[in-house]
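I have placed the structure first, in the form of structure tokens, so that the comments after it can refer back to it.
Read-outs: derived from the displayed coordinates by stated rules, not from any lab. Computed from a predicted structure; not experimentally measured. With ideal geometry, Cβ positions are generated from the backbone for all residues, glycine too; neighbour counts draw on all protein chains shown.
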Amino acid sequence: MRLSPDIAAVVTGAASGLGEATARALAAQGVRVAIFDMNRERGEEVAGEIGGVFCPVDVTGDESVARGFEQARAAHGPERILVNCAGIAIGQKTVARDKQTGGIRAHDLAAFERVIRINLIGSFRCAALSAAGMMTTEPLEDGERGLIVSTASVAADEGQIGQAAYAASKGGVKAMALPMARDLMGEGIRVNTIQPGIMLTPMMAAMPQNVQDALAAAIPFPKRLGRPEEYASLVLEMARNPYLNGQSIRLDGAIRMGPR
């Protein structure tokens, strides 16, 4: 797909982190970008800086997502690219002992379900509605109509202690890529997944420097945290390379996560 002002894109979770970097990278190529996020203030700021449009969207709600796509398409036309970056992470063991009382506490199921609703179901909800819109567009070269990229994690393969909910959600995102690509192969819509490692997102940047340094030291090469711009660069390559389909690609500096 040739990235140009003729192409429209939607990026979820684009008010910060990986999503923001992706929105900026696409806009730098001339692509018309719609930002889906719940942070209106920051989302409107980013949209204004890149000449895009902000759409207040909660990816856990059917109506909210549908309204977001309606707003984005009214502004830019049907999107050819969707990038799912909206997500959350929590840390909670399957069961844990309370050191003070000696009692045993099971994982909060409401918290587990929330992670699944946002990371997994939210990604699928946006992907399905986006694919429906892409199917209405005229085919480009090779019969291509669009590209869907979702964000999994290295935790999909090597979830650490306390990551049962997060790993389950990201494992589901990874597992969806191939069957979705097969579902959509007759429509010219490609589906890929990126599995970031330890990235320097705002959440990570807020951690103490010694924690960041320890995490960076565990990465084989390069010995630093990943940059959101490197994630965005891989999205651009997935868009440009029509033979990349049904893939889940690790972007992690060759790290393999240990138990903790």
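A crude spin-label estimate for the pair ARG67 and ASP98, with each label 7 Å from Cα along the Cβ direction, gives 4.0 nm.
Kirkwood Rh over Cα pairs of the range 190-260 into Stokes-Einstein at 10 °C, 1.306 mPa s: D in µm²/s?
120 µm²/s
Result for the chain in a Gaussian network model with C-alpha springs under 10 Å: among GLN195, GLN160, GLN100, the largest mean-square fluctuation is at GLN100.
Equivalent ellipsoid of the range 100-220: semi-axes from √(5λ) of the C-alpha gyration tensor, largest first, are 34, 19, 12 Å. Our estimate of slack between ASP213 and SER233, defined as 0.36 nm per intervening residue step minus the Cα-Cα distance, is 4.8 nm. Each helix, a run of at least 4 DSSP H residues, gives -39500 (n - 2.57); summed and divided by the residues of the chain, these come to -12500 deg cm²/dmol at 222 nm.
Taking every Cα-Cα distance in the range 4-129 and sorting them into 5 Å bins starting at zero, the pair-distance distribution P(r) comes out as 2, 12, 20, 20, 15, 9, 6, 6, 5, 3, 2, 1, 0 percent. Normalised by 2.2 N^0.38 Å, where N is the number of residues, the C-alpha radius of gyration of the chain stands at 1.01. Each residue, ALA205 and LYS223, gets one label point 7 Å from its Cα in the Cβ direction; the gap between the two is 2.4 nm. Picking from ASN84, ASN39, ASN210, which is most flexible by a Gaussian network model of the chain using Cα springs under 10 Å? Between ASN84, ASN39, ASN210, it is ASN210 that shows the largest mean-square fluctuation. Length, then width, then depth: along the principal axes, the Cα atoms of the range 1-55 run 30, 18, 14 Å. Centre-to-centre separation between the Cα atoms of the range 72-90 and those of the range 113-150: 8 Å. Here the Gaussian network model covers the chain, with springs between Cα atoms less than 10 Å apart; of GLY61, GLY188, GLY102, GLY102 fluctuates the most.
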